[in-house]
Amino acid sequence: VYPNVNNGVYRCGFAKSQKAYDAAVAGLFEALEDLDKRLASQRFLGGDKFSWLDLRLYHTLVRFDPVYVVYFKTNVKRIADYPNLVNFVRDVYQSVEPVRRATNIKHIKMHYYTSHPALNTYGIIPASMGPDLEAEHGRGAADGVY
């Protein structure tokens, strides 16, 4: 998860050449395709229990559509276009109360869009908040996932 997803979005966003960007975006979307397939047959990356690896994935995916698609040019597909990834994000948000309490999309967007002037000179914050995290996910009950 780390090299191609967590770090992959940064490798896209801070690429210094087209070749570096092309390699990073290819690795990122190959990994997202693989993860979407994997999460079609299991609730979490390790099975039926939420783990630190799921948390690492969640942090990147929840930021992906509202920030990375525009800011880091990861626009091949949105997380909303991957049925299992978007429902994984919704499941974690709805099922893991500490994660829900710590997720503040408005703050996430404000931080990213105002902290790198080289990428966003005027600090404009786009309107989209990403997928509806409250929508039904169909991945199971919240009880006992962690």
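Worth a mention:
- Here is how the number arises for the chain: DSSP H runs of 4 or more residues each give -39500 (n - 2.57), the sum is divided by the residue count, and the result at 222 nm is -15500 deg cm²/dmol.
- Compactness check for the stretch 25-100: Cα Rg over 2.2 N^0.38 Å is 1.04.
- Alpha-carbon Rg with Dmax, taken over the chain, Å: 15.1, 47
- Largest GNM mean-square fluctuation among Pro117, Pro126, Pro66, using the chain with Cα springs under 10 Å: Pro117.
- Over the chain, relative contact order from alpha-carbon pairs under 8 Å, at least 6 apart, %: 26 percent
- Rounded to whole Å, sorted largest first: equivalent-ellipsoid semi-axes of the stretch 85-145, Cα gyration tensor: 30, 12, 8
- For the chain, the solvent-accessible area with a 1.4 angstrom probe is 53 square angstrom per residue.
- In degrees, nearest ten, helix 105-115 long axis to first principal axis of the chain (Cα): 20 degrees
- Radius 11 Å from Cβ of Asn6, net charge of other residues (Lys, Arg +1; Asp, Glu -1): +3
- Accessible-area composition of the stretch 86-146, carbon plus sulfur, in percent [1.4 Å probe]: 55 percent
- Cα-based Lys proximity count in the chain, under 20 Å, for pairs eight or more positions apart or on separate chains: 8
- Cβ-based net charge around Ala15, under 13 Å, with every Lys or Arg adding one and every Asp or Glu removing one: +3
The values are calculated or read from the model by the stated rules, or taken from the named source; none is laboratory data. All of these numbers come straight from a predicted model, not from anything done at the bench. Positions of Cβ are backbone-derived with ideal geometry, glycine not excepted, and every protein chain shown enters the neighbour counts. We work out accessible area using only protein heavy atoms, side chains counted, and drop any ligands, DNA or RNA first. Shrake-Rupley method; radii C 1.70, N 1.55, O 1.52, S 1.80 Å.
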